[in-house]
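The values are calculated or read from the model by the stated rules, or taken from the named source; none is laboratory data. The model shown is predicted, which means the values in this text are computed figures rather than measured ones. Note that each Cβ is placed from the backbone with ideal geometry, even for glycine, and that neighbours are counted across all protein chains shown.
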Amino acid sequence: MNLEEIKDLIKLVSKSGIGKIEIENEGFKIAIENGTSFSEQPVYVQAAAPVAMAPQAAAPAPVAAAPVAAAESSDESRYITVKSPMIGTFYRTPGPDKDAFVNVGSTIQPGDKLCIIEAMKTFNEIESEISGKIVKVLVDNASPVDYDQPLFLVDPA
């Protein structure tokens, strides 16, 4: 990991509100702690390569696919929650003057692009693993997101 990557990581931690992040890679270990954290628990990331910043937490997630889990709320129990596969900045559009990938009411199929998450100056397109209808967008455009943070509610019916 070079100095520029470390500086980018520090900026990402301060922008996202993460309390603490630790990275370990082939004998190299770095821990960055944010004094004004919004998160109580540290986020642990183990990078496979210095350029790839995909987290390897509880379950590995491919960059192009978003993990899916059932919603916890009783009113929303029939909906599926699409969660962030990584830490970064959430974007609903491919560019500032472009239309959103999906909106409330949009019908999606597996492979449809849902959003972009920028991590370490890399723009990762997040694709749907399920089909259904977008019921709710849970994150504002250009907001920082954490690993496994809910992004969308989808009605699979």
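Some notes on this structure:
- Residue check for PRO110: farther than 20 Å from LYS98 by Cα and touching a residue at least 40 places away in the same chain (Cβ under 8 Å): no
- Checking each residue in region 5-46 for being modelled with pLDDT of 50 or more and of a type in the set (Gly, Ala, Ser) picks out SER14, SER16, GLY17, GLY19, GLY27, ALA31, GLY35.
- For first residues located in region 135-151 and basic (Lys, Arg), partners that are surrounded by fewer than 18 Cβ atoms within 10 Å (Cβ to Cβ) and not in a strand (DSSP E or B) and lie 6+ apart or on another chain with Cβ distances below 7 Å form the pairs LYS136/VAL104.
- Number of positions in region 123-142 that are closer than 18 Å to THR93 by Cα, among the hydroxyl-bearing types (Ser, Thr, Tyr) and exposed (fewer than 15 other Cβ atoms within 10 Å of the Cβ): 0
- Restricting attention to region 98-119, the residues that are buried (at least 19 other Cβ atoms within 10 Å of the Cβ) and over 15 Å from SER84 (Cα atoms) add up to 3.
- Residues located in region 120-150, provided they are over 12 Å from VAL102 (Cα atoms) and among the hydrophobic types (A, V, I, L, M, F, W, C): MET120, PHE123, ILE130, LEU138, VAL139, ALA142, VAL145
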